[in-house]
Amino acid sequence: MTLFHLGLIINPLAGLGGPAALKGSDGVAAEALARGAEPRAAQRTRIALECLRPLAERIEFLTFPGPMGGDLLAEMGFRHRRVGELDGETTSAADTRRAIECLQEAGVALILFAGGDGTARDVCAAAREGQPVLGIPAGVKIHSGVYAISPRAAGELARRLVEGGLVRLAGGEVRDLDEAALRDGRVAARWYGELTVPEEGGFMQQVKQAGMESEELVLAELAAWLEDTWEPGVRYVLGPGSTLHGLAANLGLQTTLLGVDVIEDGRLIATDVTEAQLFELVDGHPARLLVTAIGGQGHILGRGNQQISPRVLRSIGLDHLRVVATKRKLRTLEGRPLLVDSGDPALDEAFPDAVRVWAGYKEELLYPVGHL
């Protein structure tokens, strides 16, 4: 009988910080244990593996020794092989990354991993593109879309795969909060990448969305995205408004709230420019234009940013314009289009039917545009 090979990795420290009121477990596992927290990752993994008991004769697990999988599989009686070695008595993120590499080298069909968003980041750092993985939720923070909605759901998905059921693969986002900032009362998170995950029915959770979108969080994410994608030698024109002012502040730049500013190579090279000054800066020079929408109204050009004139727009190019707006701001439009009123009807007519809107880290929306 041909065996189906599954990988298993458990982060035994995942989830410790929750009961200890530490907002997470990254870097504080010892403190959490001192406060009386009890490891729960293995127990949650056990729930997932119980779904596979009826198929035990058809499965061979590959795993890391001790608390990272070997102990639990031996206790449950599953056939398994141990790959790799732990660095020390306490497991680490490096162990997780090394385990992923070993399991991939062994050619497992699917890697099950138990943890939280920090674990997902470690998996993402080591997983090859296209390697199927599936998270068993065991951490304090579960924002990433690479986890099943419950340990039992993870087990059911793995069971379907072993039984030969059709399981679609999709990209799942890896996101994580900065726990140190969270403990200081600040919310800061970012996108770390994507993993290939099975996607079937209602088994997989969506990327966590708070009931109320955090403007501060979105601006931090947008700043991180912009900083990651600066084009050397390109001039970035930032229009007025609190959205772009806040984005720049997250980059450590002091722009003018109600003016137009220009950034190049991460430096502020001109502030509160006039239309003539702006045209001189972008004419014949590669440039990008970032504007925001007026909440409730939707104007992106022609209201408060007349420095961005028709000749400036033509010099930059409409294909180099991006709107920066949170989803909350877009919802205030109640489905109405974004508006342009450049003062040049021919230019307004030349706008596409929809423009790209930056709404979060590597999150682009397509939103309709109209003109007056």
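Ranked highest first by average number of other Cβ atoms within 10 Å, how do 265-274, 339-348 line up? Numbers along the way, then the final one.
On the way: 265-274: 14.4, 339-348: 17.0.
Packing proxy ranking, top to bottom: 339-348, 265-274.
Looking at region 263-372, which GluC sites (Glu not before Pro) are DSSP coil and have at most 12 other C-beta atoms within 10 Å of their C-beta?
Sparse-neighbourhood loop GluC sites (Glu not before Pro): 334.
Find how much the distance from residue 364 to residue 101 grows on full extension, using 0.36 nm per residue of separation minus their present alpha carbon separation; answer in nm with one decimal.
Values: separation 263, 0.36 × 263 = 94.68 nm, distance 3.20 nm.
So the extension gain works out to 91.5 nm.
Could you work out the equivalent-ellipsoid semi-axes for region 118-165, taking the square root of 5 times each eigenvalue of the Cα gyration tensor, largest first, in whole Å?
Calculated on Cα positions only, the semi-axes equal 20, 16, 6 Å.
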Expressed in nanometres to one decimal, the distance between label points 7 Å along Cα→Cβ at residue 353 and residue 53 is 5.7 nm
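Please identify the trypsin sites (Lys or Arg not before Pro) of region 37-98 that satisfy two criteria: DSSP loop assignment and at most 12 other Cβ atoms within 10 Å. Which are they? The partial results should precede the final answer.
Working: sites: 40, 44, 46, 58, 79, 81, 82, 97, 98; in loops: 40, 79.
Here the trypsin sites (Lys or Arg not before Pro) that fit, given the DSSP loop and packing criteria, are 79.
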For region 257-262, what does the Karplus curve 6.51 cos²θ - 1.76 cosθ + 1.60, with θ = phi - 60°, yield as ³J(HN,Hα) per residue in whole Hz, taken in order and with x for Gly and Pro? 4, 10, x, 10, 10, 10
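Quick note: the coordinates plus some simple rules give every number you see, no bench work behind them. None of these values were measured; they are calculated from a predicted model. Note that we place each Cβ from the backbone using ideal geometry, even for glycine, and neighbour counts take in every protein chain shown.
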